[in-house]
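Taken together, the values in this text are just the output of simple stated rules run on the coordinates, not laboratory data. Quantities reported herein were computed from a predicted structural model and do not represent experimental measurements. Positions of Cβ are generated from backbone atoms using ideal geometry, with glycine treated the same way; all protein chains shown enter the neighbour counts.
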Amino acid sequence: MRALASIAFGLGLVVSSVAVADPSAEVKAGTGVEKREVVGESATFPAGTTVWVWSKITDGEGSVKHVWKRDGREVWTATLRVGGKKWSTQSRRTIPKAGAWEVEVQSADGAKLGTVAFAVQ
């Protein structure tokens with residue numbers, strides 16, 4: 001019985017010492033997405049352009065949000081599925097007016113995972 005308790009305790013230490021990585025996102029803005037990669041990456045776009053925001057999620061699960069902001073104000077949110085430990089996803093908006101834009105990638109619970117900023121002229 002004592003040996004069984006020692007084994008169980010030892011296994012508990014092994015399980016509890018496994019590191020759980022925090023989710024993160026690499027985020028880029030461009031004019032499209034091909035073969036799971038952003039194309040036409042830029043920091044500025046002309047008004048009327050459809051801007052694609054691509055994110056590569058690492059160690060995420062369930063879903064993420066792309067929160068689109070213009071001049072610091074939230075204008076639109078896309079909730080996107082995450083189907084694996086390394087997953088790419090994207091959202092897009094046609095932007096008719098000039099402004100300073102930012103898209104923040106958030107976990108389902110609202111934690112900031114990454115961001116990209118760009119200007120529309």
**Complete:** Counted residues in segment 20-38 being assigned to a loop (DSSP other than H, G, I, E, B), free of Cβ contacts under 8 Å to residues at least 24 places away in the same chain and either on the phi > 0 side of the Ramachandran plot or among the acidic types (Asp, Glu) (or both) come to 1
**Request:** Can you give me the number of residues within segment 45-64 that are aliphatic (A, V, I, L, M) and within 24 Å of Ala98 (Cβ to Cβ)?
**Result:** 3
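Yes/no per residue for (1) closer than 28 Å to Ala21 by Cα; (2) surrounded by 19 or more Cβ atoms within 10 Å (Cβ to Cβ); (3) touching a residue at least 60 places away in the same chain (Cβ under 8 Å):
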{"position": "Val75", "(1), (2), (3)": "no, no, no"}
{"position": "Leu80", "(1), (2), (3)": "yes, no, no"}
{"position": "Gly83", "(1), (2), (3)": "yes, no, no"}
{"position": "Ser88", "(1), (2), (3)": "yes, no, no"}
{"position": "Ser91", "(1), (2), (3)": "yes, yes, no"}
{"position": "Ile95", "(1), (2), (3)": "no, yes, no"}
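Name every residue in segment 39-57 that is in contact (Cβ under 8 Å) with a residue 24 or more places away in the chain and either in a strand (DSSP E or B) or of a type in the set (Phe, Trp, Tyr) (or both), in order of residue number. First the steps, then the outcome.
Within segment 39-57, the first condition is being in contact (Cβ under 8 Å) with a residue 24 or more places away in the chain, and the residues that meet it are 42-57.
Thr44, Phe45, Thr49, Thr50, Val51, Trp52, Val53, Trp54, Ser55, Lys56, Ile57 - these are the residues of segment 39-57 that are in contact (Cβ under 8 Å) with a residue 24 or more places away in the chain and either in a strand (DSSP E or B) or of a type in the set (Phe, Trp, Tyr) (or both).
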**Message:** Give me the residue from segment 52-66 that is buried (at least 21 other Cβ atoms within 10 Å of the Cβ) and of a type in the set (Val, Ile, Thr) and, out of that set, nearest to Ala108 (Cα to Cα).
**Reply:** Val64
